[in-house]
Amino acid sequence: MKKILVLTGGGDCPGLNAVIRAIVKRANKEKDVEVYGSIEAYNGVLKSPQEIIRLKNKNVAGIHVKGGTIIGTTTKADPFNFPVQAANGEWSIVDQSDEMIEKLKTQGFDCIISIGGDGSQRISKALSDKGMPVIGVPKTIDNDLACTDFTFGFQTAVQEATNAVDKLVSTAESHHRVMILEVMGRSAGWIALHAAIAGGAEICLIPEIPYDIHKVKKRIESRYKDGRGFVNIVIAEGAKPKDGNITGRKSDEFGYQNLRLGGVAYQLTEQLKQMGCKADIREVVLGHLQRGGSPNAFDRVLATQYGAKAMEMALKGEFGRMVTFKNNEISSVSLAEATVANHNVDPNSFLVQTAKGIGISFGD
Ligand code: F6P
């Protein structure tokens, strides 16, 4: 009998349910394999009472089309830095990794399939180094995980961002305005770059290419004649000016370790106005609309392949590895390799050259 524990960690992402469904369906082809889900990442294992549920065919039927995750997720359940509340109500951070591994082994779990982004896969690697069999599945709309061409969820987010550019083009044109669309991506500009090309924006600002505000202003002015013209800008939330900083704030949510990004679109407007830019400017921060809702067909297929592959690796005992999609092939790499660095936009890539070639300015 094999017992597999599945969990989804970090921000939600279109396609999580499709991965879970594929894991369960693939497991059902085997004799003696049981799949369980830990509710809200490692919270389900660590919290008392535990929240671990058996996942059967009936739990996963038809869920591949649904956004979110049927087993919940959280950004605050790192077993190495676990938020624990004392009887007096005070919170502290405690390393509960050894206790958790012990618990899972006692309960007979043979391996964890952790569906998550870079933070989650770093946890997978650390648990694997401590002897827990773990298999990673790369998830994030940001597409910033190494060793894989695409994480699931990215294509759906790009479509959402592109739809937004399409709509903003018409309102920008009607009012002769500059419309700034801020998209997610953390320190990677993938969503911004793809949406700018697909939507036909004039300016695309990404973290990998710090922008010169003078050049951004110049490109805007080149689009106006006698006060008439319009410009669409797509800016990644992690973009920053040359010699400047990213726009973010520390979260006051206990246990939340990331910097909360957001607001760079407003900062860009400020900078342009300070430089004397005369155009009317409006900003749209797309936010979590990029993450919610149903995955598109590409992400459903990718997520289904990832789930089936993860289950096959679990059956073969290929632990300490992350599933990948590279050069159109589903394969895997060691978690060490997968977590050594993030996958960022290469400013010299053909994709960036293509964007520049059709007149998109990066402000560089
Ligand atoms: O990593 C995915 C992501 O959506 C980023 O693009 C974004 O910065 C972040 O998560 C937002 O996280 P939260 O939902 O915790 O605010």
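The values are calculated or read from the model by the stated rules, or taken from the named source; none is laboratory data. Because the structure is a prediction, the values reported are computed rather than measured. Glycine also receives a Cβ, built like all others from the backbone with ideal geometry; neighbour counts cover every protein chain displayed. Please note that ligands, DNA and RNA were not included when accessible areas were found on the heavy atoms of the full protein model with its side chains. Shrake-Rupley method; radii C 1.70, N 1.55, O 1.52, S 1.80 Å.
Compared with the dominant Cα axis of the chain, that is its longest principal axis, helix 297-316 is turned about 30°.
Computed from the Cβ-Cβ distance with R0 of 22 Å, the FRET efficiency linking D212 to R249 stands at 0.30. Computed from point charges on the beta carbon alone (+1 for Lys and Arg, -1 for Asp and Glu), the dipole magnitude for the chain about its Cα centre is near 720 Debye.
If you take all other residues with their beta carbon under 15 Å from the beta carbon of I281, and give Lys and Arg +1 and Asp and Glu -1, the sum is 0.
For segment 27-113, a/c is not less than 1.5, where a ≥ b ≥ c are the root eigenvalues of the C-alpha gyration tensor, and a/b does not top b/c. That puts it in the oblate class.
Positive contributions from Lys and Arg (+1) and negative ones from Asp and Glu (-1), summed over other residues with Cβ under 12 Å from the Cβ of V178, come out at +2. Net charge in the neighbourhood of N143 (other residues with Cβ under 12 Å of its Cβ; Lys, Arg +1, Asp, Glu -1) is -3.
What's the Kirkwood radius of the chain in Å, using all Cα pairs? After inverting the pairwise mean of 1/r, the radius is 21.5 Å. Measure nothing fancy, just the Cα-based angle from helix 264-274's long axis to the longest principal axis of the chain, in degrees from 0 to 90, nearest 10. The helix 264-274 is inclined about 20 degrees to the chain. For the chain, DSSP calls about 35 percent of its internal beta bridges antiparallel.
For the chain, the solvent-accessible area of protein heavy atoms averages 43 Å² per residue (probe radius 1.4 Å; ligands and nucleic acids excluded). Inter-label distance, K326 to K56: 4.0 nm, where each label sits 7 Å from its Cα along the C-beta direction. Sorting F152, F254, F319 by solvent-accessible area of protein heavy atoms yields F254, F319, F152, largest first, with a 1.4 Å probe. If you take the alpha carbon atoms of segment 1-154 and fit the smallest convex hull around them, that volume is 118 Å³ per residue.
The stretch between V84 and Q353, if pulled fully straight at 0.36 nm per residue, gains 91.9 nm over its current Cα-Cα span.
According to the calculation over all Cα-Cα pairs in segment 156-291, the P(r) per 10 Å bin from zero is 13, 45, 32, 8, 1, 0 %.
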